[in-house]
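Working notes, beginning with the structure itself.
Just so you know, all these numbers are worked out from the coordinates, no wet-lab data involved. Not measured: the values here are computed from a predicted model. All Cβ positions, glycine included, derive from the backbone under ideal geometry; neighbour counts span all protein chains shown.
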Amino acid sequence: MKPLAPFVCRLPSRRILRVRGTDAHEFLQGIFTNDLHELHPNGSMYGCFLYFTGRVLCDAHLYQCKQLHERQASILVDVHESSVAELLDHLTEMKMRKKVHIDDVGKELVVLAALEETSAAPPTGADAQRSSNVGSSSDARVSSVTSSSSKTLEERHTECFADPRNNALFPQSPSPYCKPASDSEDAAATFVTGPPPTSSLPPATDSVATPLNWFLRRCVVPATWAPPLSSVDPYTTLLYSRGIGEGPGVFKNKSLPFEGNLDFLKGVSFHKGCYLGQELTHRTHVMLVTRKRTVPLHFGPASGGPPAVSTTTDDGAVATTRPVEIGEPLYSASKEKIGVVTGVCGQVGVGLLRLRYVDKATHTVPGLQLKNGTPVQTHLPDWWPLKEVRRLLKNNA
């Protein structure tokens, strides 16, 4: 895998809903899995909306704007475009007598993702404790990732928020994929003009990893100011390589929040009290009955290889090749179906895997493969709490 390099890309699959009014926090508190009491101006949090049954309707990012809209505080709901219609109906149904206004502003506002390299030292002591809450707006590093370019953007009424999953994306210890990006332009400076061309990105290198601090922002900008559409592969690859998926591919209508690791991403509050769908979520948490979870996938041998899947004709001759497809089954070494591919981006992806096939010593699945025998590498992400991993593997033995 190539080393990290700053990028900025527009996320065309994301849509923005605006919830404003005096009851906005109270309204969302009763139907969202995370605790809205932890959401403050310029803050962000991750979680999901549930059906009455406790199954996932959709996952979403919430942002509280610093600016007032029509003299009212507003919360932006960042959701996959395919879930907008159903979520709007759901919010309208649950609104009842709450003093809130719900607007689809997807044509007015767009979402950007920006990866930045920071010079701030990792938080320690009390700061580290505060920043350990991946899913809330309390990330202590937010204030240290400002630049002259981003300040200029804020003057243009662009609002930038910390991605609530930063602590899962970038562990404090050096990663073999976190290598210095030399002579790269400041990521935030390209918001208006678009991301730098591929030729300006630093090449892959085999040099020794250098401890760097990376930070992923999600920015909401007016559609008229947004950069042109470009590849979202850097963003998707970053998420998938860390075992993080989002959208309907991972959170299907009948899935549980924990199957997408929402609990490990601090996207579920277990202390906020009652909310829609809370009963099943709480019972699953207490009993640790989650049998399948989303894990990172690498298609091809461990030493690297093409991400394509070979196909053969009836006489055994190799025909054409095709990329790995979403929905393809994953098989164990004994050809038993143990999972499914839920996201693909080149040679990496994510998949829903049965935990009882994970080796307790190595946290890998030896012999994992596609139907035609193409090897697939996987491991349990290092940001999963080790204590919870041991309990999960014990309960799924």
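Apply the Karplus parameterisation 6.51 cos²θ - 1.76 cosθ + 1.60, with θ equal to phi minus 60°, to every residue of the range 57-66 and state each ³J(HN,Hα) to the nearest whole Hz, in sequence, with x for glycine and proline.
For the range 57-66, the Karplus-derived couplings read 7, 6, 8, 7, 9, 10, 10, 9, 6, 6 Hz, x marking Gly and Pro.
Taking amide H atoms as placed 1.01 Å from N in the peptide plane, list the residues 5 or more away in sequence, or in a different chain, whose amide H sits under 5 Å from that of LEU109.
Here ALA223 satisfy the definition.
Taking 30 Å as R0, compute the FRET efficiency from the Cβ-Cβ separation of GLU279 and THR364 and round it to 0.05.
So, using R0 = 30 Å, E works out to roughly 0.30.
Which residues does the label zone of MET94 cover in the range 19-45, counting backbone N under 15 Å from a point 7 Å along Cα→Cβ?
19-20, 23-37
Sorted by mean Cβ packing within 10 Å, highest first, what order do the peptides 380-389, 65-74, 7-16 take?
Descending mean neighbour count gives 7-16, 380-389, 65-74.
Order 238-245, 268-275 from most to least packed using the mean count of other Cβ atoms within 10 Å.
238-245, 268-275
Over 21 Å between Cα atoms, which of LYS266/LYS360; LYS252/LYS337; LYS107/LYS254; LYS266/LYS387 qualify?
LYS266/LYS360; LYS107/LYS254, as the Cα separations exceed 21 Å there.
Taking 0.36 nm per residue of separation and subtracting the Cα-Cα distance, what length does fully extending SER231 through GLU26 add?
Roughly 70.0 nm would be gained on extension.
When ranked by the protection proxy of mean other Cβ atoms within 10 Å per residue, highest first, what sequence do the peptides 287-293, 89-95, 353-359 form?
Listed from highest to lowest mean packing, they are 353-359, 287-293, 89-95.
Measure off 7 Å from each Cα along the Cα-to-Cβ vector at PHE270 and GLU325, then give the distance between these two points in nanometres to one decimal.
4.0 nm
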